[in-house]
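Each remark here refers to the structure printed beneath this line.
Just so it is clear, none of the values below were taken in a lab; they were calculated from the coordinates. Small disclaimer: the values here were computed from a predicted structure and weren't measured. When we count neighbours, we look across all protein chains shown, and the Cβ atoms used for this are built from the backbone with ideal geometry, even at glycine.
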Amino acid sequence: MNLAVDVGETVSMGAAPLGERRVVGILGGSFEGSGLRGEVLSGADWQIVRRDGVVDLDARYGLREEAGGLVRVVSQGYRHGPDEILAALARGEDVDPAAYFFRTVMRFETGAPYLEWLNRTIAVATAERRPRQVLLTAYRLL
């Protein structure tokens, strides 16, 4: 499944015991694949920038499938790379996704009967950070 997730500004919440706590609003977007298509609903990515520079990601948002089914998504993972690459991403520059690591594990929850298989699904995703968007390609683990 491919997801294009529209994101807002990164807001720093300051230093916390594990590192700098940040939140990025999830504003919308779209998804398609595995016989599904629809829109990304709002949510947020609660991040910790660890002392070793790794960004620990915890995104939670919704999906609305075109037939009306609603899905809760929890996507957790890491983004890291060379300091100059991460600085370029922070400035909103386009960066070759091969220059940094950005992966997540995704879990889903839904009450829609035709999507109930998602309740038993774990996916891994490769991701790319764009200035106002995150692009994910998710692969269902069998």
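Side notes on the structure shown:
- The chain, helix-only ellipticity at 222 nm - DSSP H runs n ≥ 4, -39,500 (n - 2.57), divided by all residues, nearest 500: -1500 deg cm²/dmol
- Per principal axis, descending, Cα span of the chain in whole Å: 45, 31, 27
- The loop-placed trypsin sites (Lys or Arg not before Pro) in the stretch 67-142, going by DSSP, that have at most 12 neighbouring Cβ atoms within 10 Å of their Cβ come out as Arg91, Arg132.
- Calculated FRET efficiency for the pair Tyr114/Tyr78, C-beta based, R₀ 22 Å, to 0.05: 0.10
- Dipole magnitude of the stretch 2-140, debye to nearest 20 (Cβ charges: Lys/Arg +1, Asp/Glu -1, about Cα centre): 340
- Length added when fully stretched, Glu39-Val105, from 0.36 nm per residue minus Cα-Cα: 21.8 nm
- Stretch gain in nm, segment Asp58-Glu32, where the contour uses 0.36 nm per residue and the Cα spacing is subtracted: 7.2 nm
- For the stretch 2-140, with +1 on Lys and Arg beta carbons and -1 on Asp and Glu, the positive-most of Gly38, Phe108, Ala59 along the dipole: Phe108
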